[in-house]
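Only one structure is covered here, and it is reproduced in the block below.
The values are calculated or read from the model by the stated rules, or taken from the named source; none is laboratory data. Since the structure is predicted, the reported quantities are computational estimates derived from the model, not experimental observations. When we count neighbours, we look across all protein chains shown, and the Cβ atoms used for this are built from the backbone with ideal geometry, even at glycine.
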């Protein structure tokens, strides 16, 4: 299960961002996961729930996963199509001269944090 390794790397990055910005608590982490990125969203979520308990800033963090559709571009007919339905062969012209436009991303899209507590109260 490679999802755990990816989760650990993501958490390390978010923890570093929190430290660098003097954030006490990360409330929400939004990630974009391509549908052909080889990441299983449910496994990723399960790993995240397990791993966040061992962090300084993400213990109460909510994970939002946005699954991005895989889209392929055909260089011959200049059309696009749904990758998971047709694979590498263009359904419009039958060409194999294609490449993936979107769908293999693993991106941190957003981090929401708690407002800092005032030390001057």
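Quick rundown of the values:
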read-out	value
Those residues of segment 72-95 which are touching a residue at least 24 places away in the same chain (Cβ under 8 Å) and touching a strand residue (DSSP E or B) at 6+ places or on another chain (Cβ under 9 Å), in sequence order	72, 73, 74, 75, 83
Some residue of segment 27-41 being in a helix (DSSP H, G or I), touching a helix residue (DSSP H, G or I) at 6+ places or on another chain (Cβ under 9 Å) and crowded, with 17+ Cβ neighbours inside 10 Å	no
Matching entry among 67, 26, 40 (being in contact (Cβ under 8 Å) with a residue 24 or more places away in the chain and within 17 Å of residue 2 (Cα to Cα))	40
Flag if residue 15 is assigned to a helix (DSSP H, G or I), modelled with pLDDT of 95 or more and either touching a strand residue (DSSP E or B) at 6+ places or on another chain (Cβ under 9 Å) or surrounded by 15 or more Cβ atoms within 10 Å (Cβ to Cβ) (or both)	yes
Residues (touching a strand residue (DSSP E or B) at 6+ places or on another chain (Cβ under 9 Å) and more than 27 Å from residue 87 (Cβ to Cβ)) located in segment 21-48	21, 23, 24, 25, 26, 27, 28, 29, 30, 45, 48
